[in-house]
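In what follows, a structure is listed as structure tokens, so that the remarks can point back to it.
Values quoted throughout were computed directly from the atomic coordinates according to the rules given, and no laboratory measurement underlies them. Being a predicted model, the structure only gives us computed values, none of them experimental. So basically every Cβ, Gly included, is an ideal-geometry build from the backbone, and we count neighbours across all protein chains shown.
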């Protein structure tokens, strides 16, 4: 059953998955492209290159999560869940299978990041005190992707009523923020919500880190 | 005849060029004058507006803060905290010398945010006083600190920056310094330098790269020397252009500020007075006097603080894994437990 769900997921999302896997493979290679000699300034250049490209990794993780979460629900939303309702499985089991299929594809994107990072770092002789972290970076990428994918999967599967409720809450937040600004209340509910979403114990806290393929 | 004609034309052209340059200079001067007068008007407007608003002055120690009666309680509490921290750091030096300028806090529309942290406000009020007291000191320490003064504890991010500089910048002593060699740290921090700063900091093979990465704007001969150094690897050109003033320091100003902060903290009461007492002594001796420690011990502490803050691997911690799995499980259970499809 899982195989069938995975294949159906793959058919619907293969373009996005291949594209994201290609980007995940290319970014580490691009970040460390060129020839690295034993020049005294190699550490300077390597760390500079790693820092310039570091915001790319969380962005790819987020993009992968968005594409897969949309891919998990979009075909069912489009066909009004007819395919899912014809299957002899309970809704919860079907959703678990869909979720796991998306996770498998996320793993594939993570694996291509690992391959790209390993190739990129293995061809360089690192200067003293500088270290390459291909596996550690991939682990962080995997966890960040998992976290974002889960949240977005849950949001994509909301019933229209719940979705309307969330949109209404968002609109209310904007209105309250504007009103607070006009009344000089020095209170920003949107900033509070964003802080809560990205705070140290929030679901997306894993994104808060130095995403450096090469670091000291 | 024709020669005289050509000469006349050349003189006329030169005169026109000089005249047009004078015109541009005069226009620039005119614009500067207008800008200055606009600034004066704006400052006067601000002053009148503030005089109308500022109805109260908070005085705590040497701190004088013009504010409104409504803001007085908060400002007074924060000023007391700020003054205590100033006295604890600078001792008698806080009350010596000319009075500090009156600070302004708030404006006619100022409403203090609910989340206002009094400590934050106290730090904000103490900051300008820190700067003012440091500026009163002798030029030797000012020169060594390169105009940036320590205003309190450095953040974790600053320590990471200092550590990264020790690894990134290929100065002779940086690696040994990170390994805890106090003498190497003294060299990196510019404490024990001889006449040839460039050669003591960097080996000649690093000089062309140093010139290529120079962010100091140079023109004319200096630019030519820089290009000769960076492109043709001419070491004499490198030596001529990479003067102590413009050469990249092995550790930036924040590293030096950290060392002073550590010395003042180790020295406790009276540390600042001991640091500034003998303006003729070397920075090394003054730091030792301030901290009450041999300077090598201080440098070892500096090296330890920096190396402990090195960022290391981006691998998620156990807490990260636990949080991610817990949140994901909770969100997923909420998502799949419903029975409605749409």
Subject >> Choice from B:98, B:171, B:281 with maximal GNM fluctuation in chain B (Cα, 10 Å cutoff) >> reply: B:98
Subject >> Choice from B:223, B:26, B:237 with maximal GNM fluctuation in chain B (Cα, 10 Å cutoff) >> reply: B:26
**OP:** Rounded to the nearest 0.05, what FRET efficiency do residue A:8 and residue A:172 give with R0 = 30 Å and r taken as the Cβ-Cβ distance? Could you check?
**Re:** 0.20
Original post:
Taking Cα centroids, how far is segment A:102-162 from segment A:49-100 in Å?
Top reply: 15 Å
Original post:
Exposure proxy check: A:214, B:141 ranked by fewest other beta carbons within 10 Å?
Top reply: B:141, A:214
**OP:** May I ask for the distance between the Cα centers of segment A:15-29 and segment A:177-216, given as a whole number of Å?
**Re:** 28 Å
**OP:** Name the residue, out of A:13, A:92, A:184, whose mean-square fluctuation peaks in a Gaussian network model built on chain A with Cα pairs under 10 Å.
**Re:** A:184
**OP:** With a cut-off of 20 Å, note down the residues of segment A:160-187 whose backbone N falls inside the zone around a label point 7 Å from the Cα of residue B:69 toward its beta carbon.
**Re:** none
**OP:** Give me A:113, B:299 ranked fewest to most by other Cβ atoms within 10 Å of their Cβ, as a rough exposure proxy.
**Re:** B:299, A:113
Subject >> Cα principal axis extents for segment A:69-159, largest first, Å >> reply: 60, 20, 19
Original post:
On average over all directions, what projected area in square nanometres does the protein assembly as shown have, based on the convex hull of its Cα atoms?
Top reply: 39.0 nm²
Original post:
Over chain A, what is the mean sequence separation of C-alpha contacts under 8 Å (at least six apart), divided by residue count, expressed as relative contact order in percent?
Top reply: 31 percent
Original post:
How high is the relative contact order of segment B:133-210, in percent, with contacts defined as C-alpha pairs under 8 Å that are six or more residues apart?
Top reply: 20 percent
Original post:
Add -39500 (n - 2.57) for each DSSP H run of 4 or more in chain B, then divide by its residues: what number comes out at 222 nm, to the nearest 500 deg cm²/dmol?
Top reply: -20000 deg cm²/dmol
Original post:
Using Cα pairs under 8 angstrom and six or more residues apart, how large is the relative contact order of chain B, in percent?
Top reply: 15 percent
Subject >> Calculated P(r) of segment B:156-196 - Cα pairs past 11 Å, % >> reply: 63 percent
Subject >> Largest-first principal axis extents, alpha carbons of segment B:216-342, Å >> reply: 80, 52, 22
Subject >> Shielding by partners, peptide A:139-151 (average Cβ within 10 angstrom, other chains) >> reply: 4
Subject >> Linear extension gain, residue A:1 paired with residue A:183, 0.36 nm per residue minus alpha-carbon span >> reply: 59.8 nm
**OP:** Rank the residues A:162, B:31 as a footprinting-exposure proxy: fewest other Cβ atoms within 10 Å of their Cβ go first.
**Re:** B:31, A:162
**OP:** Take peptide A:87-94, look around each residue's Cβ out to 10 angstrom, count Cβ atoms belonging to other protein chains, and average those counts.
**Re:** 2
Original post:
In vacuo Debye scattering of chain A, one point per C-alpha: log10 I(q)/I(0) at q = 0.10, 0.11, 0.15, 0.19 Å⁻¹?
Top reply: -0.58, -0.68, -1.00, -1.26
